[in-house]
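Novice: Here it is, the structure, as structure tokens.
Every number here is computed from the coordinates shown, using simple stated rules; none is lab data. For clarity, every value in this text was computed on a predicted model and none was experimentally measured. Cβ: placed from backbone, ideal geometry, glycine included. Neighbour counts: every protein chain shown.
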Amino acid sequence: MARDKKSKPKTKISDASLATTLGRDAKAFIGAVNPPVYHASTILFDTYETLKNLPDSVPYTYGRFATPTSQALTDSIAHLEGGAGSFLTPSGLSACVLALISAVRAGDHILVTDSVYGPTRQFCDSYLAQIGVAVDYYDPAIGAAIDEQITDKTAAVFVESPGSVTMDMQDIPAISAAAHAKGAVVLMDNTWATPLFFKPLQHGVDISIQAATKYIVGHSDAMLGVVTANAEMYDKVKQHHRLFGLCAAPDDIYLALRGLRTLPVRLQQHMANALHLAQWLREQPIVREVLYPALPEAAGHALWQRDFLGASGLFSILLEPCSDKAIAAMIDNMRFFKIGYSWGGYESLIVPFDSPRVLRFCEQSGHAGARLLRLHIGLEDAQELQQDLKEGFERLTSTG
Ligand SMILES: *Cc1c(COP(=O)(O)O)cnc(C)c1O
């Protein structure tokens, strides 16, 4: 077949190359590889005439709306997510809030996965309930049967896969199809996979949420959220982003841009280390179950394999019943796994969880009395991390 040189099809660029090239414009900034950090609130206009006749195409009119620094990040994430546009917020939680308030109004009904990030649930139960939005929680394993719970008042379905702490996988394409069939939109917290390991908008999601605090920033030194909308939801998200006065600090945006450059290599290493440790952990007598969808025996493995492009470094383990004292003997004295919330930085973390939902999950999955530890597997040497856990289990079992 003859091919016109001018219309040569563009080869698709890989995410690894995109992460290093998106959002850069050396010519605009003295040839510097990285865009500068604009500290700007006021943007000056030459004359009253210019101010009066500002065309919509003028990119920068006020610091809260955009600067070249924020634009570099929003353009990059929107491209990786395949969205119409992205919006920055001061934290991951405020990104969840922005997505929710953009999608529901007083009198609406919303369906939220029972495995949702705890503070997102609190926002739904307190604020959304208070403004007259009815909130129902559904079993994350529901799949296409969510159809039965969608009423003519249901405006949105909120998904998170894998879900926080218990790591339940969800059938995003099936849920999206059921929601769209009845006119509801789908919002997804995609923090665990990042836009590199799962593409929500390609699987039917309308609004994708990232706690960039986690893997995108990647160094435990800034808080940031990103909301990416498809073409249908773009105007609504933009409107609410403005109404709520949301924006992010320039230095934090810069840290996210810097993090983005190494996100592909960091994620590969988090995945390699996490797989190594998950495989070792499932052989340990004290470990009842490893909740990591990348393991072949994991409940959500088939969905993960069908839809995801990789697995990040966060998972949970269920331990045989043991005392608080035994847990403390283990986690108080770790060499590398430190005790702390959040995750997605370069370092390993360990936290016990015993919320009512986690206790219910353990009961329902036949693990009543089990103790849940959430691990974030960092970029340290995998053998040394394994040794750290091995010694921790020895302290735990000898404490009783
Ligand atoms: C941490 C987290 C958030 C909130 O991010 P912050 O930046 O801490 O506000 C939202 N969703 C998920 C799944 C998270 O793990």
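Novice: Give me the pairs, please: first residue somewhere in region 354-376 and over 27 Å from Lys390 (Cβ atoms), second residue anywhere and of a type in the set (Phe, Trp, Tyr), beta-carbon distance under 6 Å, and either six or more positions apart or on two chains.
Specialist: Close Cβ pairs (under 6 Å, with a partner that is of a type in the set (Phe, Trp, Tyr)) do not exist here.
Novice: Only residues that are away from the ligand (no atom under 12 Å from the Cβ) and under 22 Å from Pro293 (Cα atoms): list them for region 188-207, please.
Specialist: Answer for region 188-207, where residues must be away from the ligand (no atom under 12 Å from the Cβ) and under 22 Å from Pro293 (Cα atoms): Pro195, Leu196, Phe197, Phe198, Lys199, Pro200, Leu201, Gln202, His203, Gly204, Val205.
Novice: Now for a separate question. Do you know which of the residues in region 142-164 that are of a type in the set (S, T, N, Q), in a loop (DSSP other than H, G, I, E, B) and surrounded by 14 or more Cβ atoms within 10 Å (Cβ to Cβ) is farthest from the ligand (Cβ to nearest atom)?
Specialist: Within region 142-164, the subset of a type in the set (S, T, N, Q) is 149, 151, 154, 161, 164.
Checking the rest, the ones that are also in a loop (DSSP other than H, G, I, E, B) come to 151, 161, 164.
This time we only want the ones that are surrounded by 14 or more Cβ atoms within 10 Å (Cβ to Cβ), so: 161, 164.
On the way: Ser161: 10, Ser164: 5 Å.
Checking each candidate, the answer is Ser161.
Novice: Could you grab the pairs with beta carbons closer than 9 Å, sequence gap of 6+ or different chains, first residue in region 305-325 and over 19 Å from Leu375 (Cα atoms), second one of a type in the set (A, V, I, L, M)?
Specialist: Once the first residue is over 19 Å from Leu375 (Cα atoms) and sits in region 305-325, its partners that are of a type in the set (A, V, I, L, M) give Gln305/Ala294; Asp307/Met169; Asp307/Ile172; Phe308/Met169; Phe308/Ala193; Phe308/Ala294; Leu309/Ala193; Leu309/Leu196.
Novice: Given the criteria at negative phi, surrounded by fewer than 24 Cβ atoms within 10 Å (Cβ to Cβ), within 13 Å of the ligand (Cβ to nearest atom) and not hydrophobic (A, V, I, L, M, F, W, C), does Asp235 qualify?
Specialist: no
Novice: Next question, about the same structure. Test Ser342 against the stated conditions and say whether it is surrounded by 14 or more Cβ atoms within 10 Å (Cβ to Cβ), within 16 Å of the ligand (Cβ to nearest atom) and not aromatic (Phe, Trp, Tyr).
Specialist: On the way: surrounded by 14 or more Cβ atoms within 10 Å (Cβ to Cβ): yes; within 16 Å of the ligand (Cβ to nearest atom): yes; not aromatic (Phe, Trp, Tyr): yes.
Spelling it out, Ser342 is indeed surrounded by 14 or more Cβ atoms within 10 Å (Cβ to Cβ), within 16 Å of the ligand (Cβ to nearest atom) and not aromatic (Phe, Trp, Tyr).
Novice: Here is a further query. Going through Leu93, Leu73 one at a time, which residue ends up being of a type in the set (A, V, I, L, M), under 22 Å from Asn34 (Cβ atoms) and within 16 Å of the ligand (Cβ to nearest atom)?
Specialist: Values: Leu93 fails: under 22 Å from Asn34 (Cβ atoms).
When all the criteria are applied, what remains is Leu73.
Novice: Scan region 103-141 for residues that are part of a loop (DSSP other than H, G, I, E, B), within 16 Å of the ligand (Cβ to nearest atom) and more than 20 Å from the chain's Cα centre (by Cα) and report the count.
Specialist: First pass over region 103-141, keeping only residues part of a loop (DSSP other than H, G, I, E, B): 104-108, 114-117, 131-133, 139.
From what's left, within 16 Å of the ligand (Cβ to nearest atom): 114-117.
Adding the requirement that they be more than 20 Å from the chain's Cα centre (by Cα) leaves none.
So the count comes out to 0.
Novice: On to the next question. Quick one: in region 171-197, which of the residues that are surrounded by 23 or more Cβ atoms within 10 Å (Cβ to Cβ) and assigned to a loop (DSSP other than H, G, I, E, B) is nearest to the chain's Cα centre (by Cα)?
Specialist: Thr191
Novice: For region 218-232, what are the residues that are outside any strand (DSSP E or B), more than 9 Å from the ligand (Cβ to nearest atom) and surrounded by 24 or more Cβ atoms within 10 Å (Cβ to Cβ)?
Specialist: If the condition is that a residue be outside any strand (DSSP E or B), more than 9 Å from the ligand (Cβ to nearest atom) and surrounded by 24 or more Cβ atoms within 10 Å (Cβ to Cβ), then Gly218 is the only one that fits.
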